[in-house]
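We did not get these values from a lab; they are worked out from the coordinates using the rules stated. From a predicted model like this one, the values you see are computed outputs, not experimental measurements. Don't worry about glycine lacking a Cβ; one is built from the backbone with ideal geometry, like all the others, and counts go over all protein chains shown.
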Amino acid sequence: MPGFEEGAFFADRYEIKSPLGRGGMGMVHLAKDWKTDRQVALKTLLPKYAQLPQAVARFEREISAVKRIDHPAVVKIYDSGKVDGTLYYAMEYVDGKSVRSWMRERKKRGKNVGLGSTVRILGMVCGALEKAHEFTIHRDLSPENVMVTRDGEVKLLDFGLAKLIETDQDLTRVGITLGKLQYSSPEQRADAKHVDSRTDLYALGVMFYELLSGELPIGTVKLKTLVPWLPPSGEAFVEKAMAKNPDDRFQTAREFREAMMIVYEQSKDLERAADGKAPKADAASGPTPLEISGGLRFESGSAKLAEPAARAVRPNAVEVAVPQTQKRAWRWRSLWMRVFGRFRRR
């Protein structure tokens, strides 16, 4: 991209270091911000889209959406503006790998992602979506848009297709598809303009299926066929998450996360019942290798679920009950803190 060669300066403060990637409408470069003395990811709108109102509106909407989400699992935007006709924003630089890259590396070694790591990653994404869904919908969740840093943090990226709830702009497709088809809910494929937050939960369900099996949910292949060690509640969970009718899905990111925790705990119960004969390849036990940049892992804790909650996900049941009382909510928070301990370096 002209003017963004290594060593060039942009906006009199950003020194271009190297390209990081290119999307449908924008280019991202690693840069040093000499004003704050930190590395940033500098995203600019490609020149060919700068004169298109729809493209400009979508770029500005991405900035607006991310700035309003104050959550550690969402990249922060530090600065934005327009210089010599080029729209840009400088955001937090994420030093790590996308979940997609990590999955590919594991697949080359004949391994899929285990339940422990899947629950950790998607659980953190759920935390980000709980905040984001107060006023926006992502509409483009996929393993490409979730990063795990060298320090083990999870970051949700790319709100370029985000739909601000209080607005209803009919932004025509400009150079990109409204969400990757494999992760798009049936209602998003039919009418991306009028979806609600449950379309993001459908995408999380697809990611859950793919992380565990290494395959996309194409056709009628049941997850348990590909992942035989999965407890029966896991099949019920993924069927509910990917229900065609949004009314039949989980209704909030928190509900998705809590039901996923039940599946995790029941897998641990099955492991204990098998007298320590744990499934192979990081299936359900911990500590579990998280083989990304730097060689990370997490320490899994475990806490016995309250019996009513444990009974909420039954074999062959699609409905997953979620605790509602304040006492149960406290138990969930306690369980979350224990099972979702920090990632740490080996």
ask   = What does a probe at residue 108 reach in region 206-221, counting residues whose amide N is under 11 Å from the point 7 Å along Cα→Cβ?
value = none
Estimated vicinal HN-Hα couplings, Hz - region 82-98 in sequence order (Karplus 6.51, -1.76, 1.60; Gly, Pro = x) = 9, 10, 6, x, 9, 7, 8, 8, 9, 10, 4, 7, 9, 8, x, 10, 6
inquiry  = Given contacts defined as C-alpha pairs under 8 Å and at least six residues apart, what's the relative contact order of region 1-137, whole-number percent?
reply    = 16 percent
ask   = For labels at residue 182 and residue 247 in the simple 7 Å Cα→Cβ model, what's the distance in nm?
value = 3.2 nm
ask   = R0 = 45 Å: FRET efficiency of residue 5 with residue 226, Cβ-based, nearest 0.05?
value = 0.45
ask   = Expressed as a fraction of 2.2 N^0.38 Å, the rule-of-thumb size for a compact globular protein of N residues, what is the C-alpha radius of gyration of region 13-92?
value = 1.06
note = XL table 240/268; 155/224; 32/107; 111/180; 35/107; Cα-Cα > 32 Å flagged, in table order, is 32/107; 35/107
task = Report the label-to-label distance for residue 18 and residue 50 in nanometres (one decimal), using points 7 Å from each Cα along the Cα→Cβ vector.
result = 2.7 nm
task = Convert each backbone phi in region 71-77 into a coupling constant with the Karplus relation 6.51 cos²θ - 1.76 cosθ + 1.60 (shift: θ = phi - 60°), then list the ³J(HN,Hα) values in order as whole Hz, x for Gly and Pro.
result = 8, x, 8, 10, 4, 8, 9
key: Length-normalised contact order for region 13-92 - Cα pairs under 8 Å, 6+ apart - percent   = 24 percent
message = On a full-extension model of 0.36 nm per residue, what is the gain between residue 101 and residue 38, subtracting their alpha-carbon distance, rounded to one decimal in nm?
response = 20.1 nm
